[in-house]
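The values are calculated or read from the model by the stated rules, or taken from the named source; none is laboratory data. Predicted model only: the values in this text are computed from it and were never measured. Ideal geometry is used to build each Cβ from the backbone, glycine not excepted, and the neighbour counts take in all protein chains shown.
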C-alpha cells in the first residue's frame, strides 16, 4: 500500500514539474507593460520595433498555454509583443523560441 502511495506521489510531482516549465530569457528589460501582442511572423508586425531579447520554453501541445506563458513573461519584461519563431528539438526535448519586441516611439 505504501508503494502505491509513493508511486502516486512521484507521478503527481512529475506532473507538477512539467507544468512549471521555466521560460528562459536573454535580453534587456524595461518597465512592465499591460499587454503583449502575439505574432507568428515578423512581417505581420505593422509598426517599427526592435528586438529586445529572446525567450524560450519547453514545448507543449497546448498552443494557448504557450502563447499565454510567453506573453505574460514578455509583459513582465517590458515587451510590447512577441514573435513566436519556431520549435526546435525533437520528441520530449522540444523548445519553443520567440523574440521579445519593443515598439519604436517617435523620438527614439
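Remarks
- Contacts under 8 angstrom Cβ, first residue in region 58-72 being assigned to a loop (DSSP other than H, G, I, E, B), partner surrounded by 12 or more Cβ atoms within 10 Å (Cβ to Cβ), 6 or more apart: 59/66; 59/87; 59/94; 59/95; 59/96; 60/21; 60/66
- The residue of region 72-90 that is farthest from the chain's Cα centre (by Cα), among those that are at pLDDT below 95 and farther than 19 Å from residue 43 by Cβ, is 90.
- Restricted to region 57-84, and to residues there that are touching a helix residue (DSSP H, G or I) at 6+ places or on another chain (Cβ under 9 Å) and within 23 Å of residue 28 (Cβ to Cβ), the residue that is surrounded by the most Cβ atoms within 10 Å (Cβ to Cβ) is 79.
- Selection count, region 41-56, where residues are loosely packed, with under 11 Cβ neighbours inside 10 Å and within 13 Å of residue 98 (Cα to Cα): 1
- Hits in region 33-57 - residues which are under 16 Å from residue 104 (Cα atoms) and in a loop (DSSP other than H, G, I, E, B): 33, 35, 36, 45, 46, 47, 48
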